[in-house]
Amino acid sequence: AELAKNTEEGKRIYYENCFYCHGDDLAGNGHFAKGFNPPPANFQSTGTIAQLTESFLFWRIAKGGPGLPTESTPWDSAMPVWEDYLSDTEIWQVILYLYDAIPYDPRTWGDEDHGGGH
C-alpha cells in the first residue's frame, strides 16, 4: 500500500514537472522536446532505464544538465537541477513511477544481463 501511494505521488510529480519534455508516454517526445539537443531521455528505450542503476538515475535527476561532467561537452542537457525544486523523497517517488510505468526492470549492481521484462 505504501509503495502504491508513493508511486501515485511520483506520477503526480512527473506530470507536474517532467511531462513537458519527457512526454505523456515517457518516450522523450513532450511539447518542448523538439527544442533540445540532446533530446530528453526516452524511458521506453532499452538504452535508458534498463541500463541505469537507481543511484545513477537519482544523481542524474537531482543534478540535471548542469551536473554533467565536462567530458560530456558539447552535449549540454537542458534538464533542470531538480534537487533545487524537489525533495529527495519526491525524486525517489518519480523514479518509482518510472519503474512502474515502463516495461523494463532497472539494472542492479552485479546484474550481468541488461534488464529484462516484468
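The values are calculated or read from the model by the stated rules, or taken from the named source; none is laboratory data. Just so we're clear, the structure is a prediction, and the values are computed from it rather than from any experiment. With ideal geometry, Cβ positions are generated from the backbone for all residues, glycine too; neighbour counts draw on all protein chains shown. Remember, those area values only see protein heavy atoms, side chains included, never the ligands or the DNA or RNA. Shrake-Rupley method; radii C 1.70, N 1.55, O 1.52, S 1.80 Å.
Remarks
- Only helical runs count toward this figure. For the chain, summing -39,500 (n - 2.57) over DSSP H runs of n ≥ 4 and dividing by all residues gives -11500 deg cm²/dmol at 222 nm.
- Exposure check, 1.4 Å probe, all protein chains in place: THR46 carries approximately 80 Å² of accessible surface.
- The convex hull around the C-alpha trace of the chain, projected and averaged over every direction, spans 7.6 square nanometres.
- Top positive-direction residue, dipole computed over the chain with Cβ charges, set LEU3, TYR14, PRO39: PRO39
- A 1.4 Å probe run over the chain, with the rest of the protein chains in place, finds 60 Å² accessible per residue.
- The slack between SER87 and GLU54, meaning 0.36 nm per residue of separation minus the straight C-alpha distance, is 10.3 nm.
- Surface composition of the chain: carbon and sulfur atoms hold 56% of the protein heavy-atom accessible area at a 1.4 Å probe.
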